[in-house]
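S.K.: Let me give you the structure first, and then I'll get to my questions.
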Amino acid sequence: MSGLVHIYTGDGKGKTTAALGLALRNAGTGNRVLILQFMKGRDTGELHALARIPNIEVLRLDQDYGFYKQMTQEEKQTVRRQHDRFLQIAAQGLQEKSYGLIVFDEAISAYRHELLNHEKLLELISVPSETERVLTGRNAPEALLQKADYITEMQAVRHPMNQGIPARKGVEF
């Protein structure tokens, strides 16, 4: 069976949540799962739960660099180097058929902000593979959308943030 490419995009909540749900489902069938978290270094609730599942591996930034607009040029270069390392790990996993699923969480944001190698990401989602691949992030560009077999757009209809309610532990992080 060949793996397909999923994109979860849009301005609504739930992109990472959907990807992690698929990761749980895939791991539950006995597959190894690799979750690459681009743009993320902050401690979140899902990390503690995922750490208890032996066939799920999570790689993320070595620290929280904040939002793109807050990063210095030096931090952007550091983040790009780490992201490109994630892509190399994914490439090796695809070549060795090590995983049933690879999640590229927030890779779309990293792509839009030029914080990863565009050609390498496009190659990783274009190459025929038995591995299912998922990309998440807002405003997916056409170059990525063209490679997807599934495209799901999360739409924000109402969000507590608009009423001044901050992100809550266990719900948004």
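S.K.: Of the cross-linked pairs Lys97/Lys169; Lys69/Lys97; Lys15/Lys169; Lys97/Lys147; Lys76/Lys97, which ones have a Cα-Cα span greater than 27 Å in the structure shown? Don't skip to the end; give the middle numbers.
M.R.: Details: Lys97/Lys169 35 Å; Lys69/Lys97 37 Å; Lys15/Lys169 17 Å; Lys97/Lys147 20 Å; Lys76/Lys97 31 Å.
Where the Cα-Cα span goes over 27 Å, the pairs concerned are Lys97/Lys169; Lys69/Lys97; Lys76/Lys97.
S.K.: If you consider only alpha-carbon coordinates, what radius of gyration and Dmax does the chain have, in Å?
M.R.: So, for the chain, Rg and Dmax equal 15.5, 48 Å respectively.
S.K.: Now for a different question. Which residues make up the longest stretch of the chain that has no trypsin sites (Lys or Arg not before Pro) in a DSSP loop with at most 10 other Cβ atoms within 10 Å? Kindly include the intermediate steps, with their values, before the conclusion.
M.R.: Values: sites that count: Arg52, Arg158, Arg168, Lys169.
The longest uninterrupted stretch comes out as 53-157.
S.K.: Can I ask one more? At most 15 other Cβ atoms within 10 Å and a DSSP loop assignment: could you name the GluC sites (Glu not before Pro) in region 39-121 that fit?
M.R.: Numbers: sites: Glu46, Glu57, Glu74, Glu75, Glu96, Glu106, Glu114, Glu119; in loops: Glu106, Glu114.
Of the GluC sites (Glu not before Pro), the ones in loops of region 39-121 whose Cβ has at most 15 other Cβ atoms within 10 Å are Glu114.
S.K.: Further, regarding this structure: Determine the sum of side-chain charges near Ala110: Lys and Arg each +1, Asp and Glu each -1, restricted to other residues whose C-beta is under 11 angstrom from that of Ala110.
M.R.: Values: positive: Lys40, Lys76, Arg80, Arg112; negative: Asp84, Asp105, Glu106, Glu114.
Here the count lands on 0.
S.K.: How many nm is it between the label spots at Leu47 and Thr29, if each spot is 7 Å from the Cα in line with the beta carbon?
M.R.: A separation of 2.9 nm, rounded to one decimal place.
S.K.: With r defined as the distance between the Cβ atoms of Ala156 and Leu4 and R0 fixed at 30 Å, what FRET efficiency is calculated, to the nearest 0.05? Before the final figure, lay out the partial values.
M.R.: On the way: r = 26 Å, r/R0 = 0.87.
About 0.70, to the nearest 0.05.
S.K.: What does the net charge come to around Gln37 if you take all other residues with beta carbon closer than 9 Å to its beta carbon, with K and R at +1 and D and E at -1?
M.R.: Working: positive: Lys40, Arg60; negative: Asp105, Glu106.
Spelling it out: positives minus negatives among the neighbours equals 0.
S.K.: As a test of the formula, what do you get for the chain when each DSSP H run with n ≥ 4 contributes -39,500 (n - 2.57) and the sum is divided by the residue count, at 222 nm and rounded to the nearest 500 deg cm²/dmol? Could you put the intermediate results ahead of the total?
M.R.: Numbers: 6 runs with 63 residues, N = 173.
Counting only the DSSP helices, I get -11000 deg cm²/dmol.
S.K.: Output needed for region 81-173: three equivalent-ellipsoid semi-axes, defined as square roots of 5 times the C-alpha gyration tensor eigenvalues, in descending order, whole Å.
M.R.: Each semi-axis is the square root of five times an eigenvalue, giving 28, 15, 14 Å.
Each value in this text was obtained by applying a stated rule to the coordinates, not by laboratory testing. The structure presented is a predicted model; accordingly, all values stated were derived computationally and were not measured. In this analysis, Cβ positions are derived from the backbone assuming ideal geometry, glycine residues included, and neighbour counts consider all displayed protein chains.
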